[in-house]
Amino acid sequence: MRATARNASTSSPASRGAAASARSLFAGPALRIAKAASHLFAIAIVAWLLSGAVVAAGKVPAAAAGQLPAWATAKPESRLLILSLDAGVGDDNGGLNYNGQYEGSHRIVVPLGWTVIVRMRNADSRVAHSTLVTREYRQNEMPDRLGPEDAVFPGASTPVPFTGTAAGGYAEFTFVANRAGRYFLACGVHTHLQSGMWLPLDIVDGVKAPQWLTS
């Protein structure tokens with residue numbers, strides 16, 4: 001009985017060779033698959049960490065870069081863009097902002113030929129504000145104040161922009177974006193433009209819808 005047990009448990013050289021060949025046959029592909037899976041896992045971890053860094057930095061993901069903010073309403077069937085600006089919201093830039101935006105961190109892109117309605121509410125309880133569409137300025141070119149004559153489109157200004165609309169007040173204007181170029185939506189009250197109360201406004205031929213883009 002003992003001899004029979006030894007014979008049953010001991011494999012021949014031929015069978016051991018066959019088993020080794022089988023292991024060798026499958027070991028190579030399995031190893032390659034394991035390495036590929038490891039690389040994919042590492043890539044996924046890096047992508048996840050980078051996405052967290054982008055969100056933490058406050059940057060807009062590429063997929064959402066062109067989406068309009070809540071205060072901008074596009075009506076493509078009418079070729080109309082409505083901008084509802086709250087001037088002097090909170091303490092961002094010392095209150096010199098539109099909807100918390102200032103100094104051109106983002107650009108409003110308007111298709112050539114569209115009509116734009118700008119509705120401005122002065123949310124600042126301390127000082128007056130205004131809005132008008134002006135040419136683009138470098139910092140060292142910015143005037144102390146802006147008047148109706150500085151509007152680059154007919155009627156593209158709230159009343160008496162260098163005086164502004166009082167706290168809690170409301171004003172609006174409408175213009176046709178019929179000339180391509182780079183412009184500012186700016187406050188004309190004394191030194192407000194110089195202090196960063198402006199938003200870039202691009203009028204672009206060839207775009208189909210308004211956009212909100214990182215400058």
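Values in this text are rule-based calculations from the coordinates and carry no lab data. Just so you know, these numbers come straight off a predicted model, no measurement behind them. Virtual Cβ from ideal backbone geometry, glycine too; neighbours counted across all protein chains shown.
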Built amide H within the under 5 Å cut-off of ASN97, gap 5+: GLY88, VAL89
Viscosity 1.002 mPa s, 20 °C: Kirkwood-radius Stokes-Einstein D of segment 66-214 over Cα pairs, µm²/s: 144
Sites TYR170 and ARG79 - FRET efficiency at Förster radius 41 Å, r taken between beta-carbons, to 0.05: 0.95
Per residue convex hull volume, Cα atoms of segment 133-215, in Å³: 116
Whole-Hz couplings from phi, Karplus 6.51/-1.76/1.60, listed for segment 197-211; x for Gly and Pro: 8, 7, 10, x, 10, 9, 9, 10, 7, x, 8, 9, 8, x, 9
Gain upon complete extension [ARG179, SER125; 0.36 nm per residue less C-alpha separation]: 15.9 nm
